[in-house]
Amino acid sequence: MAREDLEQLQLERLQSTLYRVGTHVPFYKKKFDQLKFNYDDIRSLDDLRRLPFTEKQDLRDNYPYGLFAVPLRDIVRVHSSSGTSGQATVVGYTRNDIKTWSNLVARVITAAGVTKNDVIQIAFGYGLFTGGFGLHYGAELIGTSVIPISAGNTKRQIQIMQDFKTTALVCTPSYSLILADTMMEMGINPNGLSLRFGLFGGEPWSEAMRQEIHQKLGILATDNYGLSEVMGPGVSGECQHCNGLHINEDHFLLEVLDPVTLEPVPEGEIGELVITTLTKEAFPIVRYRTRDLTRFIPEPCPCGRTMKRMQRVMGRSDDMLIIKGVNVFPVQIEKVLFEVEGTEPHYQIVVERENHADKITVLVEVMESIFFDQMKKQREVVERIKSRLASEVGVGVEVKLVEEKTLERSEGKAKRVIDKRKL
Amino acid sequence: MLKIRNLDAGYGKLRVLKNISLHVKPGEIVAMIGANGAGKTTLLHTIVGLIRPMRGEVRFLGQATGSTAVERIVASGCALVPEGRQVFAPMSVEENLLLGGFILQKEQGRAEVLKELERQYELFPILRERRQQLAGTLSGGEQQMLAMGRALMSRPKLVMMDEPSTGLAPLIVRDIFEIICRLRAQGNTVLLIEQNAKAALGIADRGYVLEVGKVILQGPAADLLANADVQRAYLGREKIA
């Protein structure tokens, strides 16, 4: 679709979405009235910037159904966010919303290389979490054979993967590594499996982690993005070029803003992702602050898709640590750890305040061989990580090696940062 | 084909259309549905140039038409089938059709007009049977076909139809809508204005819902048909609680 035609479509959809939320959702009506905002004032996509943001807290304040734009009798499904940090939030779907959702996820899955000839194992949680159902609908729409195994029970996942000849795996990237490790323990060679594709989402990960997944499982690992407040999976997803996620721009309007000033960052620079839905019926949302950090990739993709790309989520804007006045993103630390040989992708960042000075320590799990046998080599690794971190992050970082498997593993979202500062 | 952005239009001080944006792509049927007084006819009249936009723009084939004369807009390939047919009652069916070919004759000569006339008779065999009859003596459905045929005589790129189902028996409405589908199959582009939401969305590719001068909903026609608001307001599927 030509950019001009897309923008026309986006504008039309934005105008009718705003009119609908302003008339159907008391929360937005109040906000718009306060601003003395008139729908006629939205004359271009840039006018979106004059609208207020929607925060996670707004969803909590209107728990459970306060932000729905249709009566409950038109709702065919309710989902709830995982509530990793705080009270859960509720979102609803009409029949049309479910249809749109299926279509958008189908695009994402297709872009990742999966076809109707594949067998897809969905190891995202089903239930209130949107991940399982979202991928499920998209995969079914394409005609892929779906194994709705849901999350957890790692050994059984592997058993089924072997027996059912799974070709595509859906889970969080960190869980794929848990699967890989467990396979090693069970003495199963991943190369003997039929697995070819991995569709990962639900948490930030890095290019190095993709390499590791590729090495350990021998699969094409693509990233896809979504969040329940906006729809669930299906907002954007990578094609087989693995160079950023194509945004379903005809259904979502994305902005990348400076998390502090809330002004747009220059094209291509990192900022917080803010999303407005364009076609949601039950739960339209205007300028939702995702707190996810990303950047737009303006260059066209070799795959030929014309939808703009965003870089994989690089962390959370609330995870952003301000250490001695410097903005530090955990993802920067992760990137360095992978680059340095001999380190596993399991780490934790501990931030403390000693004598009024911030201190940041990275706990890194290492492989047994290094940890026990060679003190000298161990020290070398620590020094290498330290100096790389210092240049990458811009502040001094302590590094401590810890024994293999001593850091907490999670099957869902990994907790990477422990901030012990009392501010 | 047709692109409208932020259009305001109306009569005198009365603003009927408020910030309307819509588009029509080649080869599709787009339905604009809405109740009486929603601004549907005002929209068509603005597109064809009978009313001038107060604000915003209308682009037809890439050209802004804000100040283009009506006859120029029509000549560039935008034809209107007006509400209530508006056939020339004291003239014969064939004369009515030939009038529709006026622009074609001026540009490409008599032979092309006759060719086009033949095409209309193929599309509407009943008009061939009635060719010498006075248009005013035709039935409502036949008059509607005549009005459509007359518009098609100019070989338009975009055909706009204002309430073609008005006052017609359900069976005739079905025939008319079948013909509209056939027009699309032949590569025509149609903007269909209708109160009969179910019939219009049933054949359209996409649709817009107009309410008191605003587009309140838009999307694929099938989605609009399944939309609960549309069902309640226009399809009588469910009583408002």
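Every condition in (1) out of contact with any Ser or Thr (no Cβ under 9 Å at 6 or more places or on another chain); (2) within 14 Å of chain B (Cβ to nearest Cβ); (3) surrounded by 14 or more Cβ atoms within 10 Å (Cβ to Cβ) is met by A:Leu6 except one, and the failing one is (1). Of A:Leu195, A:Leu169, A:Leu220, A:Leu141, all but one fail to be within 17 Å of A:Thr110 (Cα to Cα), buried (at least 16 other Cβ atoms within 10 Å of the Cβ) and in contact with a Cys (Cβ under 9 Å, 6 or more places away or on another chain); the exception is A:Leu220.
Each row is one residue, and each column tells you yes or no for (1) under 30 Å from B:Asp8 (Cα atoms); (2) at pLDDT 95 or above; (3) aromatic (Phe, Trp, Tyr); (4) out of contact with any Gly (no Cβ under 6 Å at 6 or more places or on another chain).
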residue: B:Arg72; (1), (2), (3), (4): yes, no, no, yes
residue: B:Ser76; (1), (2), (3), (4): yes, no, no, yes
residue: B:Ser92; (1), (2), (3), (4): no, yes, no, yes
residue: B:Gln105; (1), (2), (3), (4): no, no, no, yes
residue: B:Arg131; (1), (2), (3), (4): no, no, no, yes
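Looking across A:Ser228, A:Ser317, one residue alone is more than 14 Å from chain B (Cβ to nearest Cβ), in contact with a helix residue (DSSP H, G or I) (Cβ under 8 Å, 6 or more places away or on another chain) and surrounded by fewer than 24 Cβ atoms within 10 Å (Cβ to Cβ). It is A:Ser228. Figure legend. Inter-residue proximity from segment A:87-101: first residues touching a residue at least 60 places away in the same chain (Cβ under 8 Å) and assigned to a loop (DSSP other than H, G, I, E, B), second residues surrounded by fewer than 17 Cβ atoms within 10 Å (Cβ to Cβ) and of a type in the set (Val, Ile, Thr), beta-carbon distance below 8 Å, spacing 6+ or different chains. Indicated pairs: A:Thr94/A:Val76.
I'm trying to understand the selection: among the residues of segment A:236-266, which are assigned to a loop (DSSP other than H, G, I, E, B) and under 20 Å from A:Met1 (Cβ atoms)? Across segment A:236-266, the qualifying residues are A:Cys239, A:His241, A:Gly244, A:Asn248, A:Glu249, A:Asp250, A:His251. Checked against the criterion of being free of Cβ contacts under 8 Å to residues at least 40 places away in the same chain, more than 14 Å from chain B (Cβ to nearest Cβ), part of a helix (DSSP H, G or I) and of a type in the set (S, T, N, Q), the candidates A:Thr115, A:Thr110 yield just one match: A:Thr110.
Among the hydroxyl-bearing types (Ser, Thr, Tyr), modelled with pLDDT of 95 or more and over 19 Å from A:Thr279 (Cβ atoms) - does that describe any residue in segment A:111-121? Yes: segment A:111-121 contains one or more residues that are among the hydroxyl-bearing types (Ser, Thr, Tyr), modelled with pLDDT of 95 or more and over 19 Å from A:Thr279 (Cβ atoms). Restricted to segment A:15-49, and to residues there that are under 12 Å from A:Leu278 (Cβ atoms) and more than 9 Å from every other protein chain (Cβ to nearest Cβ), the residue that is surrounded by the fewest Cβ atoms within 10 Å (Cβ to Cβ) is A:Leu45. Can you tell me which residues in segment A:267-285 are outside any loop (DSSP other than H, G, I, E, B) and within 14 Å of another protein chain (Cβ to nearest Cβ)? Matches in segment A:267-285: A:Thr277 only.
Would you confirm, using the coordinates I've provided, whether A:Glu404 is under 19 Å from A:Ser206 (Cα atoms), modelled with pLDDT under 85 and either in contact with a strand residue (DSSP E or B) (Cβ under 9 Å, 6 or more places away or on another chain) or not in a strand (DSSP E or B) (or both)? The answer is no for A:Glu404. Would you check if there is a residue in segment B:172-188 being among the polar types (S, T, N, Q), within 14 Å of another protein chain (Cβ to nearest Cβ), assigned to a loop (DSSP other than H, G, I, E, B) and without any contact (Cβ under 8 Å) to a residue 24 or more places away in the chain? Within segment B:172-188, none of the residues are among the polar types (S, T, N, Q), within 14 Å of another protein chain (Cβ to nearest Cβ), assigned to a loop (DSSP other than H, G, I, E, B) and without any contact (Cβ under 8 Å) to a residue 24 or more places away in the chain.
Does at least one position in segment A:68-81 carry a residue that is surrounded by fewer than 18 Cβ atoms within 10 Å (Cβ to Cβ) and in a loop (DSSP other than H, G, I, E, B)? Taking every residue of segment A:68-81 in turn, at least one turns out to be surrounded by fewer than 18 Cβ atoms within 10 Å (Cβ to Cβ) and in a loop (DSSP other than H, G, I, E, B).
Would a scan of segment B:216-236 turn up a residue that is assigned to a helix (DSSP H, G or I), among the hydroxyl-bearing types (Ser, Thr, Tyr) and touching a residue at least 24 places away in the same chain (Cβ under 8 Å)? There is at least one residue in segment B:216-236 that is assigned to a helix (DSSP H, G or I), among the hydroxyl-bearing types (Ser, Thr, Tyr) and touching a residue at least 24 places away in the same chain (Cβ under 8 Å).
The sole residue among B:Leu192, B:Leu225, B:Leu152, B:Leu217 that is under 18 Å from the mean Cα position of the chain (by Cα) and under 30 Å from A:Gln10 (Cβ atoms) is B:Leu192. For segment B:32-70, a residue qualifies if it is in contact (Cβ under 8 Å) with a residue 60 or more places away in the chain and loosely packed, with under 14 Cβ neighbours inside 10 Å, and the qualifying residues are B:Asn36, B:Gly37.
Scanning segment A:342-397 for residues that are modelled with pLDDT of 75 or more and under 26 Å from A:Asp419 (Cβ atoms) yields a total of 37. Just so you know, in segment A:92-136 the residues that are aromatic (Phe, Trp, Tyr) and crowded, with 22+ Cβ neighbours inside 10 Å include one that is farthest from A:Pro64 (Cα to Cα), and it is A:Phe124. Scanning segment B:1-42 for residues that are away from chain A (no Cβ under 11 Å), aliphatic (A, V, I, L, M) and closer than 25 Å to A:Phe37 by Cα yields B:Ala9, B:Leu14, B:Val16, B:Ala38.
Answer with yes or no whether B:Thr137 is under 19 Å from B:Lys40 (Cα atoms) and of a type outside the set (D, E, K, R). So B:Thr137 does not fit the description; no.
The values are calculated or read from the model by the stated rules, or taken from the named source; none is laboratory data. This is a predicted model, so every value here is computed, not measured. All Cβ positions, glycine included, derive from the backbone under ideal geometry; neighbour counts span all protein chains shown.
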